[in-house]
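One structure is given below, encoded as structure tokens.
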Amino acid sequence: MFASNIARRACRTNRPFRHCRFNHNQPTPNQNQESSRATHFGFQTVPEEQKESLVKNVFDSVASSYDLMNDAMSLGIHRLWKDELVSLLKPGARGPQKCIDVAGGTGDIALRILDHARERYADRETAVDVVDINGEMLREGFKRFKKTMYHNTPQIAFQEANAQALPTERFPDNTYDLYTIAFGIRNCTSIPDVLKEAHRVLKPGGTFACLEFSRVNNPLLSTVYDQYSFSIIPLLGTILAGDRASYQYLVESIRNFPPQPEFAQMIVDAGFTTGGMFEGKGGAWRDLTFGVAAIHTGVKV
């Protein structure tokens, strides 16, 4: 019922595709192959071939209020988490880098990367390819960058593509120094496929970095956060965006995402080298705000 409600609403609200200066391609044939396997869509179980369109409908609905959505889900702290991610990665510190920000449609991570490189290291050559499966999200990012000094420069490009199957003609092997994905990987049908593609497109020595909502380990804080997530966030979706169902899905998708150690092992299984299987300095991940979110990193060797 929940999935069908989202699908019906998205059909009503979908806007026609208007020309934008970013690359748009149809899904590759292997993306259209149907599978009999099932996966999660929030707390529901759906056929794998349906999840992509259901998630697309969610983000079609929330694209114009995406930052507002993240404010509601993190009490505004997501902005500090994104700053922490970019500060940790230090883009520009070792010279110009070629970066890819996946599921990055609204461009907020890309803008932070370019600003950090320019302001800290006087680097105006680092470049970011912003990739998203959702054209509505990319439109929001394109509008954001039109207000910046990076618009119409080689430093930024927007491309519509599936993180699980990046077209090799546009995303060749061993291309990027840095791969980032923030609050996006949990919405993908196959996390292992996303990680495999990240490993493929990174150069040897390149860094994979993921910022994602995660697990609060303190039982008391976890209970409080669950109460806020399941009671308040969907209500805020109704009040702020007139969209309870999409916000309900996003909360449920967080609870279905693997806990920190399990996700760290998935990164290792994809071929990356990480820190130890623990949190903090020297570890495979860094918890933010008691584990409400976490940054996972790995290096392609």
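Tell me, please, whether a residue that is part of a helix (DSSP H, G or I) and at pLDDT 95 or above can be found in region 173-183.
no
Filter region 274-298 down to the residues that are closer than 17 Å to ARG255 by Cα and small (Gly, Ala, Ser) and list them by number.
Once the filter is applied, which keeps residues that are closer than 17 Å to ARG255 by Cα and small (Gly, Ala, Ser), region 274-298 yields GLY291, ALA293, ALA294.
Scan region 139-173 residue by residue and report those that are farther than 23 Å from SER87 by Cβ, touching a Gly at 6+ places or on another chain (Cβ under 8 Å) and either without any contact (Cβ under 8 Å) to a residue 24 or more places away in the chain or not charged (D, E, K, R) (or both).
Matches in region 139-173: PHE142, PHE158, ALA163.
Just one of VAL86, VAL55 is open to solvent by less than 10 Å² (accessible area, probe 1.4 Å) and not charged (D, E, K, R); which is it?
Just a single option satisfies the conditions, and that option is VAL86.
Quick one: in region 101-143, of everything that is among the basic types (Lys, Arg) and over 23 Å from LYS90 (Cβ atoms), which residue is surrounded by the fewest Cβ atoms within 10 Å (Cβ to Cβ)?
LYS143
Does any residue in region 77-94 that is assigned to a loop (DSSP other than H, G, I, E, B) come within less than 8 Å, Cβ to Cβ, of a residue that is hydroxyl-bearing (Ser, Thr, Tyr) six or more places away or on a different chain, and which pairs are these?
ILE77/THR289; PRO91/THR126; GLY92/TYR121; GLY92/THR126
In region 40-76, what count of residues is obtained for those that are in a loop (DSSP other than H, G, I, E, B) and either under 15 Å from VAL251 (Cα atoms) or of a type in the set (A, V, I, L, M) (or both)?
Residues meeting the conditions: 3.
Is it the case that region 102-119 has a residue that's in a strand (DSSP E or B), under 24 Å from GLU212 (Cβ atoms), touching a residue at least 60 places away in the same chain (Cβ under 8 Å) and within 22 Å of the chain's Cα centre (by Cα)?
Checked region 102-119: at least one residue is in a strand (DSSP E or B), under 24 Å from GLU212 (Cβ atoms), touching a residue at least 60 places away in the same chain (Cβ under 8 Å) and within 22 Å of the chain's Cα centre (by Cα).
For a quick check of your reading of the model, give me the residue pairs whose first member lies in region 38-49 and is within 10 Å of THR189 (Cβ to Cβ) and charged (D, E, K, R), whose second is open to solvent by 50 Å² or more (accessible area, probe 1.4 Å) and at pLDDT 75 or above, with beta-carbon atoms closer than 7 Å and at least 6 apart or on different chains.
What qualifies is GLU48/ARG37; GLU48/ALA38.
The values are calculated or read from the model by the stated rules, or taken from the named source; none is laboratory data. Since this is a predicted model, take the numbers as computed values, not measurements. Every residue, glycine as well, gets a Cβ built from its backbone with ideal geometry; the counts of neighbours run over all protein chains shown. Heads up: the accessible areas ignore ligands, DNA and RNA and are worked out on the full protein's heavy atoms, side chains in. Shrake-Rupley method; radii C 1.70, N 1.55, O 1.52, S 1.80 Å.
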